[in-house]
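The values are calculated or read from the model by the stated rules, or taken from the named source; none is laboratory data. Computed from a predicted model, the values in this text were never measured in an experiment. Here the Cβ is made from the backbone with ideal geometry for all residues, glycine too, and neighbour counts use every protein chain on show. The area values use the complete protein model at the heavy-atom level, side chains included, leaving out ligands, DNA and RNA. Shrake-Rupley method; radii C 1.70, N 1.55, O 1.52, S 1.80 Å.
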Amino acid sequence: MKRREFLLKAAGFAVMLSVPVFAKAASNKPLKATAITQVFGDGINLTGVAIEYKSPLEASSINAKSFSVAGHKISKIYLSDAVDGAPKDSGKFVTLKLERTNLLVKKPPKQNQDQSKGPGKAGDKQENSPKYTVPRLTIDTKNAAITSSAVKNLIVDDFKQLEFKDPKTGQTLRYNLFVPKNYDKAKSYPLVLLMHDAGVTGTNTIATLIQGNGATSWAGAEIQAKHLCFVLAPQFDEIVADDDSQVSGSLDTTINLINELAGVYSIDKDRLYTTGQSGGGMLSIAMDIKFPNFFAASYLVACQWDEKLVAPMAKQNLFIVVSQDDTKAYPGQTAIVNELQANGAKVARGVWDAKWSAQESKEAFEKLISEGANVNFVSFKKGSVLADGQTNSGAGHVNTWKFAYDLTPVLEWILTRKKPL
């Protein structure tokens, strides 16, 4: 174990250290505490708190038993030189990693709403966007008690919140934009468009960033280290695509926004990619039909469309993920894939377990992709997206994207596709 990092066992905080631990910093009292959040497939979670001290600390001056956080269990402690810094041998920040706590606050569904009829018609204005509970933590450091006064939302804070007033459609579209770190206008970058599901429709611009990791997964360090890219995540305040395969004016407005951004930044229009879950995936399909050579690849998650309309997509690069528990999207996507194959697409199919380890998913991905197909269709086997003891009743649909954007090899495959000739 590295000297800079020491782990705590929940029971009694048994400490494993390679150096003796003494409380040598009694006079160096904490100045500020910042709660740390991170977005996972199930939404935004509290993951830790960073305590800033006036002077740098050494590992030998920190006693792990001297820290506690009211209502939370500490799983790990380390020193760093920033709120979101990596573990160091010394630093002004003591970071307490906490067991995850979900902070997402969703609006309850409307009473007596028939879910089988879908969320509404294309163009319907709605206000369902979730928010999150801002954590306020009380930390006891033995030398002093301190309450968190700030929040660091990992990756989410790296997005800009902006508005686009489209002169062509007259619409105003709220959106989140991630610009790659150390952006160099002399270079050319791909762009990933992520579109949320109907359950997030509303005016809270960051809702699409905190409700799941569909956007943040592309902007995280793992992907960005290999594939620097822009990430665009619009926040729609209307139903953008409905179960009758109709779309709202947001389709053209979103395409116009991408063209606008490509004129402002060094975005490679040959490396544009689209993805979306449920209604967002349906809008991706509609875009691919209307503009069949606009995107180099599409990642479609838990969505469906009228299969009689999809022939223009037959030559496109597609990766499709759906759960066999999804009573609408699974038969819907199966029909789409069959139609694409009938129109000349080369199709590879796989049945995966959503709860596989990263290594198991990677091996299944490599087997699937070895077929060299332009359309890859993965169905999560029945029951695998459900939590233990969870009944379906819609979970087979919404749980799909809790797993889909953790499939790093799939994200990388999307980002390496080129437009079909």
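Tabulated data for the structure shown
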{"read-out": "Failed item in (1) farther than 28 Å from SER250 by Cβ; (2) without any contact (Cβ under 8 Å) to a residue 24 or more places away in the chain, with LYS165 passing the rest", "value": "(1)"}
{"read-out": "LEU79 modelled with pLDDT under 70, surrounded by 14 or more Cβ atoms within 10 Å (Cβ to Cβ) and part of a strand (DSSP E or B)", "value": "no"}
{"read-out": "Condition check for ASN376: among the polar types (S, T, N, Q), open to solvent by less than 40 Å² (accessible area, probe 1.4 Å) and modelled with pLDDT of 95 or more", "value": "yes"}
{"read-out": "Which listed residue, of SER217, SER245, is open to solvent by 10 Å² or more (accessible area, probe 1.4 Å), part of a helix (DSSP H, G or I) and in contact with an Asp or Glu (Cβ under 8 Å, 6 or more places away or on another chain)", "value": "SER217"}
{"read-out": "Count of residues meeting criterion [open to solvent by 10 Å² or more (accessible area, probe 1.4 Å), hydrophobic (A, V, I, L, M, F, W, C) and either under 27 Å from ASP353 (Cβ atoms) or touching a strand residue (DSSP E or B) at 6+ places or on another chain (Cβ under 7 Å) (or both)] in the range 287-333", "value": "2"}
{"read-out": "Pairs, first at pLDDT 95 or above in the range 28-43, second assigned to a strand (DSSP E or B) and among the charged types (D, E, K, R), C-beta under 6 Å, six or more apart", "value": "LYS32/GLU52; THR34/LYS152; ILE36/LYS152"}
{"read-out": "Which numbered condition ASP270 misses (of (1) open to solvent by 10 Å² or more (accessible area, probe 1.4 Å); (2) more than 30 Å from GLU307 (Cα to Cα))", "value": "(2)"}
{"read-out": "Residue pairs meeting the criteria (Cβ under 7 Å; at least 6 apart or on separate chains; first among the basic types (Lys, Arg), in the range 302-317; second at pLDDT below 95)", "value": "LYS315/PRO420"}
{"read-out": "Flag if GLY202 is of a type outside the set (Ser, Thr, Tyr), buried (at least 21 other Cβ atoms within 10 Å of the Cβ) and not in a strand (DSSP E or B)", "value": "yes"}
{"read-out": "Candidates THR138, THR208, THR172, THR216 - the one that is of a type in the set (Ser, Thr, Tyr) and free of Cβ contacts under 8 Å to residues at least 12 places away in the same chain", "value": "THR172"}
{"read-out": "Sole residue being assigned to a strand (DSSP E or B) and either modelled with pLDDT of 80 or more or open to solvent by 20 Å² or more (accessible area, probe 1.4 Å) (or both), chosen from LYS92, LYS2", "value": "LYS92"}
{"read-out": "Verdict on GLU260 being among the acidic types (Asp, Glu) and open to solvent by 20 Å² or more (accessible area, probe 1.4 Å)", "value": "yes"}
{"read-out": "Neighbours by Cβ (under 6 Å, 6+ apart or cross-chain): first from the range 360-373, farther than 14 Å from ILE414 by Cα and open to solvent by 90 Å² or more (accessible area, probe 1.4 Å); second modelled with pLDDT of 95 or more and of a type in the set (Asp, Glu)", "value": "none"}
{"read-out": "Filtered residue count, the range 220-235, keeping only those that are within 15 Å of TYR273 (Cβ to Cβ) and open to solvent by 10 Å² or more (accessible area, probe 1.4 Å)", "value": "4"}
{"read-out": "The range 175-195, subset assigned to a loop (DSSP other than H, G, I, E, B) and in contact with a Phe, Trp or Tyr (Cβ under 7 Å, 6 or more places away or on another chain), residue most open to solvent (accessible area, probe 1.4 Å)", "value": "VAL179"}
{"read-out": "Members of the range 163-174 that are among the charged types (D, E, K, R), surrounded by fewer than 19 Cβ atoms within 10 Å (Cβ to Cβ) and either in contact with a Lys or Arg (Cβ under 9 Å, 6 or more places away or on another chain) or not in a loop (DSSP other than H, G, I, E, B) (or both)", "value": "GLU163, LYS165"}
{"read-out": "When residues of the range 205-214 are limited to those that are part of a loop (DSSP other than H, G, I, E, B) and among the polar types (S, T, N, Q), the one surrounded by the fewest Cβ atoms within 10 Å (Cβ to Cβ)", "value": "THR205"}
{"read-out": "Residue list for the range 138-184, restricted to those being within 27 Å of the chain's Cα centre (by Cα) and closer than 30 Å to VAL69 by Cα", "value": "SER148, SER149, ALA150, VAL151, LYS152, ASN153, LEU154, ILE155, VAL156, ASP157, ASP158, PHE159"}
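Residues checked against (1) among the polar types (S, T, N, Q); (2) modelled with pLDDT of 95 or more; (3) open to solvent by less than 40 Å² (accessible area, probe 1.4 Å); (4) over 30 Å from LEU283 (Cβ atoms):
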{"site": "LYS54", "(1), (2), (3), (4)": "no, no, no, yes"}
{"site": "LEU57", "(1), (2), (3), (4)": "no, no, yes, yes"}
{"site": "LYS73", "(1), (2), (3), (4)": "no, yes, no, yes"}
{"site": "PRO87", "(1), (2), (3), (4)": "no, no, yes, yes"}
{"site": "LEU98", "(1), (2), (3), (4)": "no, yes, yes, yes"}
{"site": "ASN102", "(1), (2), (3), (4)": "yes, yes, no, no"}
{"site": "PRO135", "(1), (2), (3), (4)": "no, no, yes, yes"}
{"site": "ILE139", "(1), (2), (3), (4)": "no, yes, yes, yes"}
